[in-house]
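Comments concern the structure below.
The values are calculated or read from the model by the stated rules, or taken from the named source; none is laboratory data. These numbers were taken from a predicted model, which means no experiment stands behind them. Every residue, glycine among them, receives a Cβ derived from its backbone with ideal geometry; neighbour counts consider all protein chains shown.
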Amino acid sequence: MKKLFVIAMLCAAAAVAREKPEDSPLVKAAKAGGGPKKKSTKKVITNADVKKSKGNLVVLPPKEGQKTTTAAPEPQKGSLQKQDEQRKASGTASVRVITAEKKVGELEKELRRIEDTYYAENDPNYRDKTITDRFNQTKKQLDDARKELADARDAQKATVKSQ
């Protein structure tokens, strides 16, 4: 009984598949208008064409009233290129901040060491001339390094805001 039912179902499915359903008006229009396409009239220049050419370049003078352009416009950058440039700028700014912080830390340590040697020195002449000069020089370097650190942090904030 089950075999007979399965055979009947297969026959019914085959009969339904043989019948052609009526096409919709949209399908009929697509079939009617789907004739052969026109071939492109443009020629693709290949490397072989370039090798065969004689290499004569003809430059025509500009017509009156026509502006001459000397430089080609810069190509537009894609979003991936912009994002990559921002990432590189952010990384460069971070490295600059880290380097400046390290330099400030080292100069602060050096300034403390010089100050300690100033108070430890017993010779007032050596202390007032040599150590004071080194202290002033290191102090100036520290001020410059702090200014550089502030500039680096400002640049880093600017790159973060532009993202």
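Brief remarks on what is shown
- Criterion: of a type in the set (Asp, Glu) and under 40 Å from the mean Cα position of the chain (by Cα) - qualifying residue of GLU121, GLU115, GLU108: GLU108
- Any hit, region 108-124, residues being exposed (fewer than 12 other Cβ atoms within 10 Å of the Cβ) and among the small types (Gly, Ala, Ser): yes
- Scanning region 125-163 for residues that are at pLDDT below 90 and of a type in the set (Val, Ile, Thr) gives THR159, VAL160.
- When LYS157, LYS147, LYS129 are checked against the criterion of being part of a helix (DSSP H, G or I) and either surrounded by 14 or more Cβ atoms within 10 Å (Cβ to Cβ) or over 33 Å from the mean Cα position of the chain (by Cα) (or both), LYS129 stands alone in meeting it.
- Where helices (runs of 4 or more DSSP H) sit wholly within region 1-101, none has at least 1 residues that are touching a Leu at 6+ places or on another chain (Cβ under 9 Å) and modelled with pLDDT of 70 or more.
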